[in-house]
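Below is one structure, written out as structure tokens, with a few remarks after it.
The values are calculated or read from the model by the stated rules, or taken from the named source; none is laboratory data. Note that the structure is a prediction, hence the values are computed from the model and not measured. Using ideal geometry, Cβ is built from the backbone for each residue, glycine included, and neighbour counts are taken over all protein chains shown. When the accessible area is computed, the model is the full protein with side chains, heavy atoms only, and any ligands, DNA or RNA have been set aside. Shrake-Rupley method; radii C 1.70, N 1.55, O 1.52, S 1.80 Å.
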Amino acid sequence: MRRSRAILTVLATGALTAGALTVLSPSADAASTLGSAAAAQGRYFGTAVSINKLSDATYSSILNREFNSVTAENEMKIDALEPQQNQFNYTTADRLITLANGMGAKVRGHTLAWHSQQPGWMQSMSGTALRSAMKNHITQVMTHYKGKIDSWDVVNEAFDDSNGGRRDSNLQRTGNDWIEDAFKTARAADPAVKLCYNDYNTDNWTWAKTQGVYNMVKDFKARGVPIDCVGFQSHFNSGSPYPSNYRTTLQNFADLGVDVQITELDIEGSGTTQANTYANVVRDCLAVTRCNGITVWGIRDSDSWRASGTPLLFDANGNPKQAYTSTLAALGGSTSSPSPSASSSSASPSPSASQSSGTRSCTATVTVNAWTGGFVATVKVTAGGAALTGWTAGLTLPTGSAVTNTWSATAAGTSGAVSFTNVGYNGTVAAGGTTEFGFQGTGNPPSTTTTCTAR
């Protein structure tokens, strides 16, 4: 279970180099996180969550800070929810709902009908018995989660990779109408939730598989079969690269009258190439009015099912990669322009007469999200009347506290007096502008006094 966090508010006052420490919820960093930047565009930016990783403080802190939508990585699949026929186990999946409610995040349900990850009892079934079991599973699960899920992947990966036709599976062998039967059953169970079809290798408009799914959706819409959205997994790598017609694909599906969602995004690679591809995907989604949002399939590279390809936005240590910065920028967000939410109180550094146009100076403001035994701190560095070419922020941790992870800065020291210096991409700050970095720690949160040295 996610730790309950005590929220405190402390305001510091001091000289020009002193900052203010305010303990707030993660939503305070409105324009400087993936979720809040996406929300400003009317979208969500989510991630797949593995419940057994929530005890990892780095994992949990990034999750709480960055995302406004979550998808269960495995906990809502058929074998997890109905391990024995008609014996449903919702305990672990319910934790995701509780987590999302605490974050103020949407939940994507994944997945109700799929040829894979079926429990043993279902794998051995066929024909009418299997069709009835599929419909019962959909009805029971959707009834349990009615009103708690934003959209469901009703059917997952039902098309063959090569010829545009249906995949052979025990579900397909119950009859070619099994997909529409699943959607009709889902609509009867929950009239309000969005019902999605989800698949991979459907990104390139010219591919037979893409056309096969498109024709199914077109047929469903023409005949009144309930379908609200199509999910594009978008696992990009050298064998299945980001296609130049990706936006065309999204738009053509949207033109059928369905929403489109990027549901399992990961992009193998590194550096500028990976960063540019992530930015392109974001821009494509933003260009399509009915593109609801983006979900990356995992948080850190080490959490990915394709970890060797380093395909995600944070490295194995939880540091944001170049791809993170490009993604945030493409969403219209910036580490230099957070917008506090209306419900949060924050303190801005007071201007000073010594902040003249010819003298470099800076202030540092710390926002802390603290719980028993740990904290995450976000530090906003603000330039004075002249542009910065670099900066170093300093603060003191209480005895027994320690820095365990830092992003968008280089830390010197882990306990006691600690300093943080800009990295390459955020050292230059315009006069009056801001940039941010963050760190995670154990023990009590840092002292209320911060310093900032300009270069």
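Some points to look at:
- Scanning segment 121-160 for residues that are out of contact with any Lys or Arg (no Cβ under 6 Å at 6 or more places or on another chain) and either without any contact (Cβ under 8 Å) to a residue 40 or more places away in the chain or in a loop (DSSP other than H, G, I, E, B) (or both) gives Trp121, Ser124, Met125, Ser126, Ala129, Ser132, Tyr145, Lys146, Gly147, Lys148, Ile149, Glu157.
- Test: residue in segment 229-239 that is hydrophobic (A, V, I, L, M, F, W, C), touching a Lys or Arg at 6+ places or on another chain (Cβ under 9 Å) and outside any strand (DSSP E or B): no
- Check on Asp168, surrounded by 14 or more Cβ atoms within 10 Å (Cβ to Cβ) and out of contact with any Phe, Trp or Tyr (no Cβ under 9 Å at 6 or more places or on another chain): no
- Set Thr185, Thr206: member being in contact with a helix residue (DSSP H, G or I) (Cβ under 6 Å, 6 or more places away or on another chain) and either hydroxyl-bearing (Ser, Thr, Tyr) or open to solvent by less than 30 Å² (accessible area, probe 1.4 Å) (or both): Thr185
- Residue within segment 211-219 that is polar (S, T, N, Q), within 27 Å of the chain's Cα centre (by Cα) and open to solvent by 10 Å² or more (accessible area, probe 1.4 Å) present: no
- Within segment 352-375, residues that are buried (at least 20 other Cβ atoms within 10 Å of the Cβ) have Cβ atoms under 6 Å from residues that are modelled with pLDDT under 70 and of a type in the set (Ser, Thr, Tyr) in these pairs: Thr367/Thr22, counting only partners at least 6 apart in sequence or on another chain.
- Residue list for segment 89-119, filter: in contact with an Asp or Glu (Cβ under 8 Å, 6 or more places away or on another chain) and loosely packed, with under 15 Cβ neighbours inside 10 Å: Asn89, Ser116, Gln117
- Enumeration of residues in segment 30-62 that are over 22 Å from Met76 (Cβ atoms) and either of a type in the set (A, V, I, L, M) or surrounded by fewer than 20 Cβ atoms within 10 Å (Cβ to Cβ) (or both): Ala30, Ala31, Leu34, Ala37, Ala38, Ala39, Ala40, Gln41, Gly42, Ala57
- Test result for Thr249, crowded, with 18+ Cβ neighbours inside 10 Å and out of contact with any Cys (no Cβ under 8 Å at 6 or more places or on another chain): yes
- Only listed residue being part of a helix (DSSP H, G or I), under 30 Å from Thr389 (Cα atoms), open to solvent by less than 60 Å² (accessible area, probe 1.4 Å) and at pLDDT 90 or above, chosen from Leu312, Leu328: Leu328
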